[in-house]
Structure formats: C-alpha cells, structure tokens
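These notes concern the structure reproduced below.
The values are calculated or read from the model by the stated rules, or taken from the named source; none is laboratory data. From a predicted model like this one, the values you see are computed outputs, not experimental measurements. Because the Cβ atoms are built from the backbone with ideal geometry, glycine has one as well, and the counts that use them run over all protein chains shown. Only protein heavy atoms, including side chains, enter the accessible area calculation; ligands, DNA and RNA are left aside. Shrake-Rupley method; radii C 1.70, N 1.55, O 1.52, S 1.80 Å.
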Amino acid sequence: MSDSAAESVPVLIAGGSLVGLSASVFLGRLGVKHLLVERHAETSMHPRGRGNNIRTMELFRTAGVEPAIREAASALSGNDGVLQTERLSSDEQRWIIPRIDPDSTLSSITPSGWCLCSQNDLEPVLLKYARDLGGDARFGTELISYTQDDSGVHAELRNRETGEPRAVHAEYLIAADGPRSPVRKSLDIGHSGPGTLFHNVSVTFRSKNLKNVVGDRRFVVCYITNPDGEGALLPVDNDEQWVFHVPWAYDRGETLDAFTDMRLTAHIRAAAGDPDIDVEITGKAPWHAANRVADSYGRDRVFLAGDSAHEMPPTGAFGSNTGIQDAHNLAWKITAVLRGWAGRRLLDTYQAERRSVALATTLRASQQAVEEQHPGYTAAASRNNDPADLLTVALCYRYASGAILGSDPAGEVVPRRFALGGALGSRAPHMWVERDGKRMSTLDLYEKSFTVLSGPAGSPWRAAARALAEEWDVPLAGYLIGDTADCDLLPEPGVDWAQLHGTHDGAVLVRPDGFVAWKSGNGEMGDPHKVLADVLTKVLHRP
C-alpha cells in the first residue's frame, strides 16, 4: 500500500493492555491525537495485575479517572495485606505485610492511595475514558510491520477478523506490546538480568463456601505453604470469585495439560483445608515471573514501554505500575516535541530516567519474592542488607538526566529511607492548598504545564514564568504560595512550603509529570526572566 494512501496520526500505540491504554489516556489528556491497536478482540478477561500503587493512583487522579477506577474496585476496597498460612482452615498464620499502605499519616504525603483493582476491571475503565478523550482504540487489529525514517514511522496494520490491511504513518510509535514484544525483537534489543525466576498457573474458580473458611480476613493475597495445596489465593469479590496461583514445574517438562480440573480442585481443597468445599474451575492461564530489563528503551522514533521494556515478579505489585509510569513520562515528552516547545533530544531522557528506575525496581521486586517465599520460587535470599521499603521504591525514586538541571548521575535511584523533600529529580512534595476557595493538592497542578512555585516574595519568578509562557508559546505556570493577598495558593496552617520543598523560599520548577526539574539558589534571585529562560532551554533541549 502506498504511503500516500496511508492514514496519518501523530502517535501510534501498539498494545491495548494497561500500559497502552494508560498511554492513550495521558496523550488524550494532553490533546494529542493517536491510534491504539490491540491484537485481542477485547480487554482482558482474567483478574490479574491488581495492585495500583500510590504513584500510579496519583497519575490517574490528575488525569481525572481515579473516581471511576475506585468505583470499579469497590468490591475489594477493604482488602489489605499479605497473609501466609499452612492452610486456610488453620489457626496459625502470619501477616507478612499487615498493610500495603502505611497508617493514617498517609494523607500528609499524598492526596491519593493504594487501590486494588483487577486488570479485567481496570482496562474497561481506561478504554472508555481514553475514547471519551478522543482516543482511537482499535481492538482486533495488530501491527504487522513497520519501518522508520526521518519523516516518521510507516506501519502496516491488519484487521484480524477480516484480514484487511491498513497503512498508517505516525511521528512516533509506542510499543506496549508485552514481554515477547515483536517491536523490541525487530529492533534487535536484548535484555539484562537473571531472566526467568519461576512459573505458575493462574486458576480462576467459583466457590460459594470458601468465604466461610476465609472468614473476616480481607487480604490482598494469602500464601498457602501446605505442599498439597501450595500456592497463592487472591479474592476477586470476597464472595464467590477467586484466583489461585499454582506452582508449575515448567523447567522439568510439566505441561499445561497436566493441570486438569480434577487436579486443580483437589489442590484448592487442600489449600482450604476442607476436602468437601465446592470448587468450579472457570479458567486457567500460565505465567512466567522474570527479572529482565531491555538494554535499550527504543531507537529513534520507536519507544518501548511496560513489559516490552521490563519484566519483574508480581511481588510488590511493581510491574504494571512501572509500565504505567513509563507511559506518563513518555506522553508529556512526546507532546512537548510534537508541539515544538522542546527539542528532539528531550526524548533521549526517557530511557535515561525510566530504565534506571526499572533496574532498581526489578531488583526490589525479586527481593520481595524471596521475603514473601512466593510459591514456586526457591531462590536463596540474595538481597541488599538494608533494602528500601515498598512505599519508598514506589514513590521516592529519582531521575538524573538532561531534563533535570543539577541532578547527580551517581546518586541513588531509590533512597534507602523514605524521603520526599523536593530533591532534584524526585516527585515534587504533596501539600494541601486553597486556590480560589477550592482545596486541592499541589500535585493537581502538574499535568499540562511546567510550574514555577515561589514564596510571597517571589513575584518576579511568577511574572517571569508568565512572560516566558507567552513569549515562547510554552505551557509554563507561575504561582505564589503564602497567606498574603497577592498569593495564588494558600497552604494549610503550620505548613512551610519552602521547607517542604527543600528551598530557602526560592523558586522551584516542576515538570508536567510532577518531578522537580530545578531549584533556585538560597535567596539568590538574579534576573528571574533570564534565569528561567536559560533553565528551560536546557531542560527542554531547545535548539
């Protein structure tokens, strides 16, 4: 098909699972037209990829989709923690993780919180919202091949039902096409890491009476150690729908056919500790836990995101979250380049930032699999002496790239202790403020523009930001934080914004993704207009 007959779109997304759909949502929020293609005919039917961490929910909050997600997740809203027991009927048990989120002080660090929403419930919400934003999502359509050159990406698609081909020209391609990514293979990009760690078969089943054995325990997952019933039980609705992960001896030649309904029923009954409990097997799906990170996150106009770029075990619930955050990082950068307010070199910072996070996160997820003694994983404990806790890994990671001015390339990607003090390259601190009589989080400011925050004496910074926004046609907002009449944001009593952001009442530049890109010196203002112009030129890689 000739390129002249090709459909044209700024961004093509290959893959319509959680990461691809999230990319569609984020691009849609930024007003970027795009086409998403997914080879399957519909969204996932299997309840997996359930844990959405704080950072992911902050992004969904800013994008306006959080309320719909929490409604879809209402059946599991009271579930928390990771339990271990020999069998469900046993009185002996231990909470490996009593609570996923910390105590009630969480509201001081985030406006959001953890959400347990299964992939089969989350994907339809994201798909509807993406389409409402104007996203073009075509299921039952696959990417067959593509080439790229200075003019863009030239792709061939195929409707899997009719076989009809279609040519598409895009400026950029986001490959969210899974762990066996055809796009990654076409780019001849390899992996680093230990590789496959263990194998499970995920079994969906109905049981009306299992809830009586579970009782009032509302866990996220329960690990069963009884050899006859070893595995992981996950509630789907706390009533009749359940999932059980059964260890699979794949490396020793065991086939999927060996997991008959009779065998699985006996296994689940042994796990429950009740030989007569009702069990109706409704489905099974194999999965392979791995620790791999792509050696490169793409090439030229093609970018890898999600499982195509990294794989990690489910422990810690980092996999899909890391991928969704990949999509968010990439969406604003592609938008900036497409709109002409950033140079193409800004896109190079995607790999610099997200690959380092993936390396740190896959390591921690693997360590967590050891700590939780995940069924099917027999590796000896090989871990840091003092690993960061799960919340620190999820929320406190830091970037060091050319899109962060003054960051330390040799610094830790994840600090050993929880720290959200406005450090360069870190997620900007959350604080509750009042704006035009409405209570909001400062995180709600960060999505569609760069933002300059300064104290009551920082009106020159605000003026410089607003002037540059108009002169350069760049989305750049400026706000004064304080309780004087000319301030835009009124903090809650007792909150010192400058101390919280690690500055001596200077100015802080926050990127559209909510990460601190630059901070002024200790009260040394200079010419704010000139300083900001120089900072933005460097951060955005403007020619």
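Observations
- Each of 85, 508, 116 was scored by the projection of its Cα onto the charge dipole of the chain, and the greatest displacement toward the positive side belongs to 508; charges sit on the C-beta of Lys, Arg, Asp and Glu.
- Distance histogram for the stretch 243-314 (every C-alpha pair counted, 5 angstrom bins, percent rounded to whole numbers): 3, 12, 18, 15, 13, 11, 9, 7, 6, 3, 1, 0
- Pairs of alpha carbons in the stretch 404-543 separated by more than 19 Å make up 48% of all such pairs.
- The stretch 127-279: translational diffusion in µm²/s, Stokes-Einstein, Kirkwood Rh over Cα pairs, 20 °C, 1.002 mPa s: 108
- The spread of Cα positions in the stretch 116-163, taken along each principal axis and listed from longest to shortest, comes to 41, 28, 21 Å.
- Positive-end residue, the stretch 162-295 charge dipole about Cα centroid, Cβ charges, pick of 294, 163, 247: 294
- Accessible area of the stretch 393-543 belonging to carbon and sulfur atoms, whole % at 1.4 Å probe: 50
- Taking the alpha carbon gyration tensor of the chain, multiplying each eigenvalue by 5 and rooting it gives semi-axes of 41, 29, 20 Å, largest first.
- Per residue, in Å², the accessible surface of the stretch 339-473 once ligands and nucleic acids are set aside, probe 1.4 Å: 42
- Sorting 24, 8 by solvent-accessible area of protein heavy atoms yields 8, 24, largest first, with a 1.4 Å probe.
- Inverse of mean 1/r across different Cα pairs in the stretch 10-65, Kirkwood, Å: 12.4
- Largest-first principal axis extents of the Cα set of the stretch 160-232 (Å): 56, 37, 22
- Diffusion constant of the stretch 318-413 at 37 °C, which comes from Stokes-Einstein with the Kirkwood Cα-pair radius and 0.692 mPa s, µm²/s: 217
- Diffusion constant of the stretch 476-543 at 25 °C, which comes from Stokes-Einstein with the Kirkwood Cα-pair radius and 0.890 mPa s, µm²/s: 184
- All C-alpha to C-alpha distances of the stretch 261-367, sorted into 10 Å bins beginning at zero, yield P(r) values of 13, 32, 21, 17, 11, 6, 1 percent in whole numbers.
- Principal axis box of the stretch 121-193, alpha-carbon based, largest edge first, Å: 35, 35, 26
- Cα pair distances exceeding 18 angstrom across the stretch 1-123, given as percent: 64
- Ranking by accessible area, most exposed first, for 43, 225, 392 with a 1.4 Å probe: 225, 43, 392
- Partners of residue 538 within straight-line reach, counting lysines whose Cα lies under 29 Å from its Cα and excluding those fewer than 8 residues away in the same chain: 33, 333, 448, 519, 530.
- Pairs of Cα atoms farther than 21 Å apart, the stretch 384-448, %: 36
- An ellipsoid equivalent to the stretch 83-167, defined through the eigenvalues of its Cα gyration tensor, has semi-axes of 45, 21, 14 Å when rounded to whole angstrom and sorted largest first.
- Backbone phi angles across the stretch 432-439, fed through the Karplus curve with coefficients 6.51, -1.76 and 1.60 (θ = phi - 60°), yield HN-Hα couplings of 7, 9, 10, 10, 6, x, 10, 7 Hz in residue order; Gly and Pro are listed as x.
- Taking a ≥ b ≥ c as the square roots of the eigenvalues of the Cα gyration tensor, the stretch 434-487 is oblate, since a/c reaches 1.5 or more and a/b is not larger than b/c.
- Rule-of-thumb Rg ratio for the stretch 218-276 [Cα; 2.2 N^0.38 Å; N residues]: 1.16
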